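What follows is one structure encoded as structure tokens, with my remarks underneath.
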Amino acid sequence: MGIPYSRQIHAAFDQVTPLVAAGFEVLQTTKNISILLAAIQVLTVIFLALIFVELFALLVTINPELEYERQNLVTPVVKWFAGLFIQLSEYRKILVFLALVILVGVCIGSAAGLYYTSKDPTLVIDDLTASTEESVLSGEDIEAIKKGEAKQ
């Protein structure tokens, strides 16, 4: 009684293995999507905060009753930004070069990351599934078990 039961367990395991591999892929994809959505949410909060500050400064600037507040809040900030842009314009060649170096570094890092994640040893189950998928789909193992000719 133990041998046919064992054969049925092995046959069921062979049928479940592709499902486990597919579930693993779905889990990886879901994890990547959740990380991307979290980053988008953080950027959304930052942009909304910047928009709020900008609209508040615009409101203070336009309202004639808030002249004192404009001179003490908005004008120093605008002068600081203008001074910052003037200082940065002196170093624009260096900044453009650094931006290009960072961009190239990000591209190379992304390509290397994609290459090494495609060679991930935890995905070996996919290779095993591909070799057994044909026999599972054709039902050869099940028929062999029914006839008692299965290789264990």
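Readers should treat all values here as calculations from the given coordinates under stated rules, not as data from a laboratory. Quick caveat, the model's predicted, so the values are computed rather than measured. Neighbour counts run over all protein chains shown; Cβ positions are idealised from the backbone, glycine included.
A few comments on the model shown:
- Stokes-Einstein, applied to the Kirkwood radius of segment 44-110 over Cα pairs at a viscosity of 0.890 mPa s and 25 °C, places its translational diffusion at 165 µm² s⁻¹.
- Sorted peptide list for 7-15, 28-36, criterion being average Cβ within 10 angstrom, highest first: 7-15, 28-36
- Spatial extent of segment 1-105: Rg and Dmax, with the Cα atoms as the point set, Å: 29.6, 94
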